[in-house]
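None of the figures in this text is laboratory data; all of them are computed from the coordinates on show. A quick note: this is a predicted structure, and the numbers were derived from the prediction, not measured. Cβ atoms come from the backbone with ideal geometry, glycine included; neighbour counts cover every protein chain shown.
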């Protein structure tokens, strides 16, 4: 949103504002920004706002479809919300795109649809092999989006990105959880031995790539978005604790069900097309991220969110 507003584009945000939504203040007095609180799975509410949307954005606009339930642990405990939001919500937004004859529909997905890789890298043509309700729902939504392109000619692009990190991420996610518990002097829970490997990208790098793709990407294509920054969970936790100079204990807990061992993307297509910006190093990105949460950690909102997340994990 912030990057789009810097380009003087009109930006309309549709958001349900669930527990995981970042607490932010809409740009005050900016005529290029509008916010509507709604649930994308409620087709009737979306239709009720049709005139308001059209009058603000005009006749032609593009859609960045980022709305999703995204936490694997929660999908293991209850899959219904993931299937509903990620699959049905995507179908409704695609129908909305068709009705409005939008310029482009950018569907943001995940590297988790490829499943666990022992070696090598997943390309855009690699088979889908999801391990959780979350990744299965995202794989399904990818196929729904691509089918919409084939059936109706909708200008659809699917992106599959590695793990994002950076400011304003929900405290239930791995990096914010490590930082927030370290700030509290609490043990850091790590699934199993902690050797599971993820590829990490700083959130601003991902957003810049999306802006490039909305403008230059090829319709009907899938684009992997990665950084090459692959680290084990235990390495990331130790990097954070060392940077924070916190001698906090790491607590190895029972491994997660169906826990994928390793993700790795071949992002050469988006790099060859010059649509991937220079990647922020993991060390620099974590430094920025820690600084944000150290400041956020002084607020009442942090205390509220931290208590909510801790209670959720306790169940």
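If you take the Cα Rg of the range 99-237 and divide it by 2.2 N^0.38 Å, with N the number of residues, what do you get?
Numbers: Rg = 16.9 Å, N = 139, 2.2 N^0.38 = 14.3 Å.
Cα Rg divided by the expected 2.2 N^0.38 Å: 1.18.
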key: Centroid-to-centroid separation of the range 203-281 and the range 116-132 [C-alpha atoms, Å]   = 15 Å
ask   = Which of these, 242, 111, 155, has the largest mean-square fluctuation under a Gaussian network model of the chain (Cα springs below 10 Å)?
value = 242
note = Ordered by fewest other Cβ atoms within 10 Å, a rough proxy for footprinting exposure, 87, 158 read 87, 158
request  = Rank 90, 151, 41 by mean-square fluctuation in a GNM of the chain with C-alpha springs under 10 angstrom and give only the top-ranked residue.
outcome  = 151
note = So the angle from the long Cα axis of helix 89-100 to the longest Cα principal axis of the chain, reported in degrees to the nearest 10, equals 30 degrees
query = Pairing the Cα long axis of helix 174-183 with the longest principal axis of the chain, what angle in degrees results, from 0 to 90 and rounded to the nearest 10?
reply = 50 degrees
inquiry  = Which residue fluctuates most in the GNM of the chain (Cα springs below 10 Å): 69, 204, 305?
reply    = 305
task = Using only the C-alpha atoms of the range 2-314, find the volume of their convex hull and express it per residue in Å³.
result = 134 Å³
remark   = From DSSP H assignment alone, runs of 4+ in the chain each adding -39500 (n - 2.57), the sum over residues rounded to the nearest 500 puts [θ] at 222 nm at -12500 deg cm²/dmol
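Fewest Cβ neighbours within 10 Å first, please rank 195, 11, 162, 156 accordingly. Walk me through the numbers on the way to the answer.
Details: 195 13, 11 20, 162 24, 156 27.
Result, fewest neighbours first: 195, 11, 162, 156.
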inquiry  = As a footprinting exposure proxy, order 206, 252 by other Cβ within 10 Å, with the fewest listed first.
reply    = 252, 206
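Share of antiparallel DSSP beta bridges in the range 170-315, in percent to the nearest 5?
Details: 3 of 8 bridges.
Expressed as a percentage, antiparallel bridges in the range 170-315 total about 40.
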